[in-house]
Amino acid sequence: MLILIMCDPDGDTYRLSNNMTLMKEKFAEASRSEYYDRVVLAEVDTDATFGFGAQGEFFGGEVISDTDDNI
């Protein structure tokens, strides 16, 4: 399962899909948006726990693309 996480100070937005082509397109669109501070595209297992750690690192899956190069 792929998840696109669009981080914003006012609240995050999520998109789920199994379509890699679509999700890469949506990642590119969200990355250009002025509304999001960070955008992450990751692959996670269906019943896995995932999220961000205290230092902003993504856990519980494999990051495919991330607009935050410092993590």
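If the Cβ limit is 6 Å and pairs must be 6+ apart or interchain, which residue in the stretch 48-67 that is modelled with pLDDT of 95 or more pairs with which residue that is outside any loop (DSSP other than H, G, I, E, B) and among the acidic types (Asp, Glu)?
Cβ pairs passing all conditions: GLY61/GLU43; GLU62/GLU43.
Being of a type outside the set (Ser, Thr, Tyr), modelled with pLDDT of 95 or more and loosely packed, with under 13 Cβ neighbours inside 10 Å is the requirement here; does ARG15 meet it?
Numbers: of a type outside the set (Ser, Thr, Tyr): yes; modelled with pLDDT of 95 or more: yes; loosely packed, with under 13 Cβ neighbours inside 10 Å: no.
Spelling it out, it is not the case that ARG15 is of a type outside the set (Ser, Thr, Tyr), modelled with pLDDT of 95 or more and loosely packed, with under 13 Cβ neighbours inside 10 Å.
Quick check on my filter: what residues within the stretch 9-18 are in a loop (DSSP other than H, G, I, E, B) and in contact with a strand residue (DSSP E or B) (Cβ under 9 Å, 6 or more places away or on another chain)?
ASP12, ASN18
When the residues of the stretch 19-71 are narrowed to those that are β-branched (Val, Ile, Thr) and part of a strand (DSSP E or B), which ends up nearest to LEU2 (Cα to Cα)?
Looking at the filtered set, the residue picked out is VAL44.
The values are calculated or read from the model by the stated rules, or taken from the named source; none is laboratory data. Just so it is clear, the structure is predicted and the values come from calculations on it, not from any experiment. Counting neighbours? That spans all protein chains shown, and the Cβs are built from the backbone with ideal geometry, glycine included.
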